[in-house]
Amino acid sequence: MRHAPGVLIVEDESAIAELIAVNLRHNGFRPTWAMDSESAQREIDAVLPDLILLDWMLPGVSGLVLAKRWRANPRSKAVPIIMLTARGDEADRVAGLDAGADDYIAKPFSTKELLARIRAVLRRRAPEQVSGVVSIGALSLDAATYRVTFANQMLKLGPTEFKLLHYLMSHAERVHSRGQLLDKVWGDHVFIEERTVDVHIKRLREALGTQAGQMLETVRGAGYRLTAQAPTT
């Protein structure tokens with residue numbers, strides 16, 4: 001019997017939370033509701049959900065702060081987060097992604113779209129059967145132990161950045177368009193904007209640091225490439 005994915009709904013408006021919960025139950029999910037940051041933290045401490053639907057505007061601690069907190073915690077850092085937001089502005093959406101959210105959906109949304117996004121995020125977070133070590137120059141990635149090192153120094157990467165780097169390292173020296181990366185790394189990008197790739201590339205460069213980050217090239221008008229060639233200065 002398949003495990004029904006647990007979804008934690010962090011939403012202070014009970015009518016919206018109940019509507020989401022009913023639809024999730026009808027579609028094979030196990031929803032749990034928390035109306036504020038404290039009760040959400042209690043739920044996460046008790047049982048780690050498979051996915052978090054997180055409202056941006058919460059009383060007290062905002063969804064943005066919570067996303068950052070959960071991403072910084074080793075126990076919850078790999079749990080996918082979809083931000084629910086009434087903010088349609090691009091700067092706000094990027095702020096949500098920068099805080100560690102995997103996706104965002106603007107209110108009002110259809111339950112059909114929400115379910116599609118939840119399934120897409122869970123699908124792309126499903127661990128691929130990858131093993132072995134990939135090395136490019138001084139950069140090394142071990143898919144089995146989830147470790148990345150540069151010149152024998154451990155690097156800290158988020159789950160999406162790890163998957164992105166693994167793909168780029170496995171196909172080094174090739175230029176990949178944003179669309180290709182969405183396809184190969186995210187899996188289902190029906191609702192994902194290409195701008196999302198730029199955010200994660202930026203985050204990946206920061207995680208790699210100054211030297212290793214130079215191996216990740218932006219090819220104007222074409223996309224991105226990971227190269228062992230040292231940049232000319």
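We did not get these values from a lab; they are worked out from the coordinates using the rules stated. Keep in mind that this is a model prediction, so the values were computed, not measured. Using ideal geometry, Cβ is built from the backbone for each residue, glycine included, and neighbour counts are taken over all protein chains shown.
Relative to the longest principal axis of the Cα atoms of the chain, helix 37-46 runs at roughly 70 degrees. Across segment 133-226, the mean sequence separation of Cα contacts (distance under 8 Å, 6 or more residues apart), normalised by length, yields a relative contact order of 27 percent.
Counting charges near S177 (Lys, Arg +1; Asp, Glu -1) among other residues having Cβ under 11 Å from its Cβ returns a value of +2. Which trypsin sites (Lys or Arg not before Pro) does segment 21-103 hold that lie in a coil by DSSP with at most 13 other beta carbons within 10 Å? Passing both the DSSP loop test and the Cβ count: R75, K77.
Express the C-alpha Rg of segment 1-47 as a ratio against the empirical globular expectation 2.2 N^0.38 Å, rounded to two decimals.
Rg over 2.2 N^0.38 Å, computed on Cα atoms: 1.16.
From the largest down, segment 133-226 spans 37, 27, 20 angstrom on the principal axes of its Cα atoms.
Each part gets one Cα centre, and for segment 36-88 versus segment 147-201 those centres are 23 Å apart.
Using the scaling law 2.2 N^0.38 Å as the reference, what is the normalised Cα Rg of segment 6-125?
Ratio of Rg to 2.2 N^0.38 Å for segment 6-125: 0.94.
Dividing the Cα radius of gyration of the chain by 2.2 N^0.38 Å, with N the residue count, gives 1.05.
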